[in-house]
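In what follows, a single structure is set out as C-alpha cells and then discussed.
The values are calculated or read from the model by the stated rules, or taken from the named source; none is laboratory data. In this text the structure is predicted, and so the values were computed from the model without any measurement. FYI the Cβ positions are ideal-geometry reconstructions off the backbone, even for glycines, and counts take in every protein chain you see. All accessible areas refer to the heavy atoms of the entire protein, side chains included, with ligands and DNA or RNA removed. Shrake-Rupley method; radii C 1.70, N 1.55, O 1.52, S 1.80 Å.
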Amino acid sequence: MIDEKTRSELAEIAARYPHKRSGLLPMLHLVQSAEGRITADGIRVCAEILEISEAEVSGVATFYTMYKRRAVGDYHVGVCTNTLCAVMGGDLIFQRLKDHLDVGNDETTEDGKITLEHVECNAACDYAPVMMVNWEFMDNQTPESAVELVDDLRAGKERHSTRGPKLVTWREAERVLAGFPDDLADEGPSAGPASLVGLAIARENDWKAPEA
Amino acid sequence: MTDVLTPVLTDNWDADRSWTLASYESRGGYGALKTALGKTPDDIITAVKDSGLRGRGGAGFPTGMKWSFIPQDNPNPKYLVVNADESEPGTCKDIPLMMASPHTLVEGVIISSYAIRANKAFIYVRGEVLHVIRRLQRAVQEAYLAGHLGQNIHGSGYDLDLVVHAGAGAYICGEETALLDSLEGRRGQPRLRPPFPAVAGLYASPTVINNVESIASVPSIIGNGAQWFSSMGTEKSKGFGIFSLSGHVAKPGQYEAPLGITLRKLIELAGGMRNGHQLKFWTPGGSSTPLLTAEHLDVPLDFEGVGEAGSMLGTRALQLFDETTCVVRAVLRWTEFYKHESCGKCTPCREGTWWLTQTLARLEKGQGSAEDLDLLLDQCDNILGRSFCALGDGATSPITSSIQYFREEYLAHLEQGGCPFDPAASAVFAREGANA
C-alpha cells in the first residue's frame, strides 16, 4: 500500500513541472522504491494525483523497460549483451551467470537477492564487457569476476561500483532516480581509466586546443 | 597547425574532484556565463552560428540555426531540453562527461537558455546511469546555491530553473520528439513533423532540444570566441569532438580531437588493434551508421567525409571489430536490439524489424538460402525512408552495409550449416593465441 508519506512525495514530484503529468516517469520510479515494483495501488495513486486514468498510467508503466511488474531482488544485475559487449564477452558472462544462479532472463533467485537481466547498450562501451548492478557501472567484467560479484552480493559483502560508491539496494537506487538524492554524489572517481586515455596522451605530448 | 588531440570538454576530467563546483570554478568555470550575461541573447546566437557548431547528437544540424528558429513573438514560454538519453549502441561520450564535469553541461544550459530566452530547462538523462544522475543533481543544487540558477541570476534580471529528469529505459526517447512525449509523461513515441519542436515542442511551446556535447561546447565558444572554435576542424565540420573507441583496440577510451581526424590516426594513438589482430569492420557513429571496413581507415571523420564514404559521422562511436568477429552475429544482435526498441507506432518499423530478425536468425544458424539475402535487402528497402522516424532507417544500416562488404560470410554460414566462428575467440579475455 502507498502510505501517506509516499503519496505526498509523489505529489511533490508532480509539482516540479509546469504540467504535472511530466512527473509520471519519476513518480513511477518512486512507486518502485516504495513498493518494490509497479503495483496496482501505485498506479491508482499516480492516476489520482495526475488526474488521468489508471489505463493511461499503465500504458506508460508497460512501455519502459526499467519498470517491473514483478518483484525485483535487492540487486538488479544487468549484463550488456548488445553487440559490442556481447562480442567482447558479455554473452559468455550472461550464460555463466544464468547457470551459476540457476535463473533465466528477468528472473530472481529464490533468496530474493538477485534479479538477472540482459540489458542493452549502457553507454560504457570503452569498458566492455560491462555489467550494471542497480544501474551502477561494473566495468571490464569476466565470467569469473561476475560470479564473484553475485556471490558477494548474496553473502551481504560490501561491493563498490568500479566508478562509484558502495552499491545501494535497488529500491534505494529507484528513490534517487525519482529525484530524491542520497548524498553519495561525491563518492568514486571523476572518471574511470578508459575515459582518460586520450587526455593522458595529450598531456604526454603537450597537445592542447589553441590559445583563445 | 592544430594539435592531434585538443582536450576542451575532457580537459578537466583528470582534476581532483572535477565534478564539484569548487574544482570547476578554480579553472575558470562559469566565467563564460558572466561574459554571456553581459551580451544580448541575439549576440549569443550569432556567436554560436559563427562558430559553425553542428549538433553532436548525430544529425549534425547547425546549433545556432536551430536556436534562431525559435519564434520570439510566440507568447508561450520557451524551453530548452538537453537530450542526455545517450543510448545509441557504441556511444559513450556524454555519460563520462556528465560524470566527470556536470558543471560544463549546467553552464552550457544556462547560457543556451538565456540565448533562446527560456526560463525553464530540463536535462532528460537516461535512467540507467545512477551515479551520473547523482552528479547532475548535485551540480544543479550547487549552481542554485552559487546563484548561477534561480531568480535574477547575478543581478542580470534573468531567471532560470533547471530540472534533472530521469528516463526509464527506452532507446527511442533519444529521438527528439519521442523524448518530448516522454518528458510530458507519456509513452515515448515520435511525433509527426511539422510542426517542428522549435514552433510546437514541449507543451506545444517553442522548444530547443540539443545533445549534451553540443550544449557543453557552448561555454568554450562564448569564453574563447567563435573564431577560436572554427579554427579547429574542417571546412564544413568545425571544432572538436569526443571520439569514443571501443572493441578490439589496445586502449579503448575517449579521445577529443578536431573533427576530420582519421581512424588510422586514432588506432595508432590507441596502441593499435589488440595483439596480433587486424581490423575487420567498424561503425563510425553507432550501430545506426553503415559499417565501414579497413579500406576506410583514411576517411576524414567529419560530416562530409564519412558521408562520402557511404556512412554517417553520427556520434563518433567507433566500435572496432577484429577478424575473430562474425559479422552475421554482430548484425543479428543489433537487429534484435532495434526490434526490442521499436516503439510500435509505425508498421514498417514494428513489423519490419521483427521480420528482419526472423530472416537473419535463420541465416545465422546456417538455415535458409542465398535468396534470403535478397529478401533481407527487400525488407530493408521497405523500411528505409518509410518509417516514422530514424529508428527504422537505422535498423537497416548494419544489414545493407554488411551484405555489401561481407556477402561471402553470410553464404559461408549456409555452406557450413552454421557459424564458422568461435565466439570465445572474440572475447577480450580470450586466451592469447586463440583464433577463429
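The table for this structure:
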item	result
Heavy-atom surface of segment A:75-168, accessible at 1.4 Å and reported per residue (Å²)	32 Å²
Degrees between helix B:327-341 axis and first principal axis of chain B (Cα, 0 to 90, nearest 10)	50 degrees
Global form of chain A, assessed from the alpha-carbon gyration tensor, a/c cut-off 1.5	oblate
Cα gyration tensor shape of chain B, rounded if a/c is under 1.5, else prolate or oblate by comparing a/b with b/c	prolate
DSSP beta bridge pairing in the protein assembly as shown, given as percent antiparallel to the nearest 5	50 percent
Alpha-carbon Rg with Dmax, taken over segment A:75-168, Å	11.8, 34
Mean accessible surface per residue for segment A:4-63, computed with a 1.4 Å probe while every protein chain stays in place, in Å²	37 Å²
In degrees, nearest ten, helix A:143-154 long axis to first principal axis of chain A (Cα)	40 degrees
Protection-proxy order for peptides B:33-42, B:100-109, each taking the mean of Cβ atoms within 10 Å per residue, highest first	B:100-109, B:33-42
For segment B:69-112 and segment B:343-380, distance of Cα centres in Å	36 Å
Top positive-direction residue, dipole computed over segment B:143-220 with Cβ charges, set B:T207, B:Q189, B:I153	B:Q189
Interchain or long-range residues, amide H under 5 Å from B:M273's placed H	B:A250
Shielding score for B:242-248, defined as the mean number of other chain Cβ atoms within 10 Å	5
Rounded to 10°, Cα long-axis angle of helix B:347-364 versus longest principal axis of chain B	40 degrees
Segment A:26-175: antiparallel DSSP beta bridges as a percent of all, rounded to 5	60 percent
Ordering of B:135-147, B:415-427 by burial proxy (mean other Cβ atoms within 10 Å per residue, highest first)	B:135-147, B:415-427
Charge tally in the Cβ shell below 12 Å around A:G104, where Lys, Arg are +1 and Asp, Glu are -1, A:G104 excluded	-4
Amide hydrogen neighbours beyond the local backbone of A:V119, cut-off 5 Å, H modeled	A:V79, A:C80, A:T81
Separation in nanometres of the label points that stand 7 Å from Cα toward Cβ, at B:T35 and B:D381	5.3 nm
Set of lysines with alpha-carbon distance to A:K113 below 19 Å, sequence-local pairs under 8 removed	A:K68, A:K98, A:K157, A:K166
Chain B: relative contact order in percent, alpha carbon pairs under 8 Å with at least 6 residues between	16 percent
Inter-chain Cβ neighbour average for residues B:87-98, partner chain, 10 Å	5
Rg/Rg_globular for segment A:4-63, with Rg_globular taken as 2.2 N^0.38 Å and Rg from C-alpha atoms	0.97
Placed amide H near B:N211: partners under 5 Å, 5+ positions off or other chain	B:R56, B:G57, B:N83
Per-selection Rg to Rh, segment A:120-212 - Cα, Kirkwood hydrodynamic radius	1.07
Rounded FRET efficiency, nearest 0.05, which uses the C-beta distance separating B:E304 from B:D50 and R0 of 22 Å	0.65
Net charge over other residues, Cβ less than 13 angstrom from the Cβ of B:L183 (K, R count +1; D, E count -1)	+3
Three-way shape call for the protein assembly as shown based on the alpha-carbon gyration tensor, with the a/c threshold at 1.5	rounded
Partner lysines for B:K251 [C-alpha distance under 25 Å; skip if fewer than 8 residues away on the same chain]	A:K208, B:K93, B:K265, B:K280
Summed residue charge, Cβ within 9 Å of A:A191's Cβ, Lys/Arg positive, Asp/Glu negative	0
Protection proxy ranking of B:78-86, B:5-13, B:151-159 - average other beta-carbon atoms within 10 Å, highest first	B:78-86, B:5-13, B:151-159
Carbon plus sulfur fraction of accessible area for segment B:165-251, probe 1.4 Å, in percent	51 percent
Interface residues, segment A:95-123 - accessible area loss of 50 Å² or more versus chain alone, probe 1.4 Å	A:E120, A:C121, A:A123
Inter-chain shielding of B:177-190 (mean C-beta neighbours from other protein chains, 10 Å cut-off)	4
Rg/Rh ratio calculated on Cα atoms of segment B:40-126 (Kirkwood radius)	0.97
